[in-house]
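Where a number appears in this text, it was derived from the coordinates with a stated rule and is not lab data. This structure is a prediction, so every number in the text was calculated from the model and none was measured. No Cβ is skipped: glycine too gets one built from the backbone with ideal geometry, and neighbour counts run over all protein chains shown.
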């Protein structure tokens, strides 16, 4: 979750005024900004753990005939020729101050206008990397550090892209890698990160970074959702003190669950069999490996895996992603613009038998405020294979 103050937390659960700021970054340049907050009228940002972390639409109206809104040529602010938007959304306090978490830095990919209105479709900076398809093969030398391989590819495809990829200890270096002409560099970089148990994404401020899947799953909850107990019960403001509303949907689906992951490495550089395994061994888990749920392994092969240690890390990371899918919730909540996909939240709903920690998989950020429907799944933390 983006950093917020206790004042922000307290204001969210009471009556509050939502406010949004929108800046144009000319050509994506952080130092060349134009504020269009006075012209913005509506919009929503979609946040998920998919290939593109953040995307959405925003609508602007040129109410004072400024000429800033409806694109007329390639240099127009909202024309999809390289300009980016940075969006902030939060709370306007009664004393005139504001607290605005950043909800994304976006490339404008489409604009649709009917004077004096313009609606733009936006995607985070992964769109820039993904669409910069390779025009010739890309090679990575054997023994390259994984973080350096990822950084080199991102910087080549998106010169000047902000990158904050921490140097961490990996259980292997790269085999010799070749990406073919027309390959999607963002998909490749995400696959490389996943092979060592990490997720690659762009932060709301537009910085490329990686995070350990195990660290994500083991993180402390950022919020507790324990809203109104029954739809027909009398209104009590205390029921809403942690943002959840009253009609969570509890989805239990055995078909969508795996309680073990087995990774085999099929790189041509492997001189011996490479294999890694991870299992849901939590004694309290309803999908425990070998418990009443039984055995439901997921098998995957990877040409990127060259050691048993790396295979084990990839298996652990994948288990954090696929474990718990049998227990998913949809939570209607008051909008919290500071949330991030992958955050942990405690969910309490006694009448559904729920008091568990869930990972946030997908949610919108309605920039006008209102209801935010959050899709979650129960987390499974596995730290050994």
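Given 0.36 nm per residue, what is the gain on full extension from residue 26 to residue 183 after removing their alpha carbon distance, in nm?
On the way: separation 157, 0.36 × 157 = 56.52 nm, distance 2.81 nm.
Full extension from residue 26 to residue 183 adds 53.7 nm.
Can you give me the relative contact order of the range 1-42 as a percent, contacts being Cα pairs under 8 Å and 6 or more apart?
On the way: 24 pairs, mean separation 11.5, N = 42.
Computed over the range 1-42, the figure is 27 percent.
Using label points projected 7 Å from each Cα along Cα→Cβ, tell me how many nm separate residue 355 and residue 272, to one decimal.
4.9 nm
For Cα pairs less than 8 Å apart in space and 6+ apart in sequence, what is the mean separation divided by the residue count of the range 254-322, i.e. the relative contact order in percent?
Once divided by the residue count of the range 254-322, the mean separation gives 46 percent.
By how many nm would the segment from residue 9 to residue 168 grow when fully extended, if each residue of separation counts as 0.36 nm and the alpha-carbon distance is taken off? Please list the in-between numbers first.
Values: separation 159, 0.36 × 159 = 57.24 nm, distance 3.30 nm.
Answer, rounded to one decimal: 53.9 nm.
Please work out how much length the chain gains when fully extended from residue 37 to residue 92, using 0.36 nm per residue of separation minus the C-alpha to C-alpha distance, in nm with one decimal.
Working: separation 55, 0.36 × 55 = 19.80 nm, distance 1.38 nm.
Between residue 37 and residue 92, full extension yields 18.4 nm more.
Considering the zone a paramagnetic label at residue 121 would reach in this model (a point 7 Å from Cα along the Cα-to-Cβ line), which residues of the range 50-74 have amide N under 20 Å from it?
50-61, 70-74
Determine the relative contact order of the chain: mean sequence separation of Cα pairs under 8 Å and six or more apart, normalised by residue count, in whole percent. Kindly include the intermediate steps, with their values, before the conclusion.
On the way: 952 pairs, mean separation 65.1, N = 385.
After rounding, I find 17 percent.
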